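Take a look at the structure below.
The values are calculated or read from the model by the stated rules, or taken from the named source; none is laboratory data. Keep in mind that what you see is a predicted model, and the values were worked out from it rather than measured. Here Cβ is always computed from backbone atoms with ideal geometry, including for glycine, and neighbour counts include all displayed protein chains.
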Amino acid sequence: MKTTLKLLAVSAAVLCANAFAGDADHKESAKQFVERIQAEGRELAKEVEAAYWVRQNFITKDTAVLAAKAGERSLEFESKMVEQAKKYNGTDMDTVTARAIELMLRGSSAPAPDDPKKRAELAEILTDMEGQYGAGEYCTEIDGEEVCRQLQELEAVLASSRDYDELADVWQGWRTISPAYRKQYQRFVELGNEGSKTFGFDNLGDLWKAGYDMETEAFTIEARRLWDQVKPFYEELHCHVRAKLSEEYGADKVPLDGPIPAHLLGNMWSQTWDNIYPLMEPYEGVASLDVTAALKEQGYDELKMTKTAEQFFTSLGLPDLPESFYENSLIKKPADRNVVCHASAWDLDNGNDPRIKQCVEITEEQFGTLHHELGHIYYYLMYKDQPSVFKGGAHDGFHEAIGDTIQLSMTPGYLKEKGLIDEVVESEQATINKQMKQALEKIAFLPFGKMIDEWRWKVFSGEIGPDEYNKGWWDLRTEYQGITPPFERTEEHFDAGAKYHIPGNTPYTRYFLSFIMQFQFHKALCEAAGHEGPLNECSIYGNKVAGKKLGDMLAMGQSKPWPDAMEALTGQREMDASAIIDYFAPLNSWLKEQNKDRQCGW
Ligand code: X8Z
Ligand code: ZN
């Protein structure tokens, strides 16, 4: 959103806030206030969304000016709104109005100080950091010629090369883009913290944690509880992957008792590891799952991939995407200009002009991301008729989980139906292979999903000071993920900044929660669809009962506290990792067996 999130942040901020928000008339009731703010917010949103969309689609000096100016107005609107909303605290009002005001008072990912100069500075820093990331490239000499590569090209090397030194070069090369905005990030932290105080929070981390309908401290404990549920499984996976990488690269490069070198896991940030599945395949050649090859062979292009993803959603009884979606989205990387390629879904014009922006490549990973983005789009479409302050995910992890939940239904049976694999092999070995590939994506991600905001929470609270951003980052990377950088890192570097969501200022705990909840959602939808048998064999493709259940939950938006939405879909009122653990039970036992004579841990 701006990536998804940003988008959410943008619209939510815009929706909820507002600057032209004149001063509150003291006789205005809480309900009238909420109505006025929403109307003004919708007006402002038109301008802000247009400026942001153009900025992300054309990174130039001029669009930076336009986006920063629009951002500034948005922040001003938000500041005024908060100031006014606070006055209604503790006064009498109906529950819907109370919920609306509560959301206004916690709905910002980058609150500005109440000072025009500082607001302008904050808007400029955010626009600029994201632009630098989007235009980032690593130039180096290859065969006597200077070659400059952007992120997607560097990622492709990390995904496919098995050359230790080449991988290390590309890994550090991408990280040369971020030191340039380390100082700006530091200033952003100061301004964001100051802004959070106007919302009534000690620092920005506390404001972010307030988005979950519970006390901040209770949320911290809740997130830890979920991590503790899945940690033992991650440790088994880590142990096995380390052993196999050690076989591939040698024990001198991958020692069997320490963290794994971060550049060997097939991904720029070591966040998902499915690109090294060929090195990990438990039973060689059993039930090939090469969807990328099939997409290419069958001449899929960006449009056909998008339409195929849409077709999954419509098979559930959800509506067709509007024509404007295809007219206005960007699904192919332009050859002649810089764009922010990090995939995002945008809710423009109040649900009437939803769009995605994704530099689609013909790969299975990107096919997955298309479903992820359409998950956001269908949320927008389904809550379109809610008042604007209630347009949002039940919490941000819900928004992230929808498209991924759909992907869990892309079973071998589904892929066969679409002609993307030749045959469905039913055997224990085929199940283990498939689960390994999925776990390299879904389980490997969990500690990464958790540690990013662990780092930011500490940065915002001051526990990690500006002189130890990089040390703090790598301490957490090692503690949670069990990985280590291939080169010495110092405070000259800014490795956190080389991940989109840091310069893009998108909170990240949402993804950690999403990766856990999507299995809960999948389980509930499979039950609704009448599926019997193992959860990993269930596909809800074409099932209208499951589709209705999903659609009804989406339509609630954030009108109710998230446990209500969770209950509507799953019957439970809590986030719970037992569905993801159950789902992977076959692989979990297999890994334990493989690891029984190994020394695990780092
Ligand atoms: O940023 C995203 C989406 C947009 S909301 C493409 N994701 C996270 C990431 O890429 O780091 C999806 C999963 C994790
Ligand atoms: Zn997303």
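Details
- Those helices (runs of 4 or more DSSP H) lying entirely in segment 333-445 with at least 2 residues closer than 30 Å to residue 260 by Cα: 364-382, 396-407
- Checklist (1) under 23 Å from residue 602 (Cβ atoms); (2) crowded, with 17+ Cβ neighbours inside 10 Å; (3) of a type in the set (Phe, Trp, Tyr); (4) more than 16 Å from ligand 2 (Cβ to nearest atom) applied to residue 487, failing item: (2)
- All conditions but one from (1) out of contact with any Leu (no Cβ under 6 Å at 6 or more places or on another chain); (2) within 16 Å of ligand 2 (Cβ to nearest atom) apply to residue 349; the one that does not is (2).
- Candidates 287, 294, filtered to the one that is within 30 Å of residue 417 (Cα to Cα), in a loop (DSSP other than H, G, I, E, B) and more than 25 Å from the chain's Cα centre (by Cα): 287
- When residue 514 is tested against (1) within 13 Å of ligand 2 (Cβ to nearest atom); (2) more than 17 Å from residue 271 (Cα to Cα); (3) out of contact with any Lys or Arg (no Cβ under 8 Å at 6 or more places or on another chain), only condition (2) is not met.
- Residue in segment 581-602 that is farthest from residue 229 (Cα to Cα), counting only those that are assigned to a helix (DSSP H, G or I) and under 26 Å from the mean Cα position of the chain (by Cα): 587
- All told, residue 216 meets the bar of being closer than 29 Å to residue 559 by Cβ, free of Cβ contacts under 8 Å to residues at least 24 places away in the same chain, hydroxyl-bearing (Ser, Thr, Tyr) and buried (at least 16 other Cβ atoms within 10 Å of the Cβ).
- First in segment 440-467 and touching a residue at least 12 places away in the same chain (Cβ under 8 Å) and on the phi < 0 side of the Ramachandran plot, second anywhere and of a type in the set (Lys, Arg) and within 16 Å of ligand 2 (Cβ to nearest atom), Cβ under 8 Å, 6 or more apart: 452/499
- Selection count where residues are of a type outside the set (Ser, Thr, Tyr) and more than 12 Å from ligand 2 (Cβ to nearest atom), scope segment 365-406: 16
- Test for residue 321: is it closer than 28 Å to residue 275 by Cβ and away from ligand 2 (no atom under 16 Å from the Cβ): no
- Qualifying residue in segment 426-445 (condition: more than 16 Å from ligand 2 (Cβ to nearest atom) and within 24 Å of residue 503 (Cβ to Cβ)): yes
- For segment 251-267, the tally of residues that are at negative phi and surrounded by 21 or more Cβ atoms within 10 Å (Cβ to Cβ) stands at 8.
- Residue check, residue 368 touching a helix residue (DSSP H, G or I) at 6+ places or on another chain (Cβ under 8 Å), at pLDDT 95 or above and either of a type in the set (A, V, I, L, M, F, W, C) or within 14 Å of ligand 1 (Cβ to nearest atom) (or both): yes
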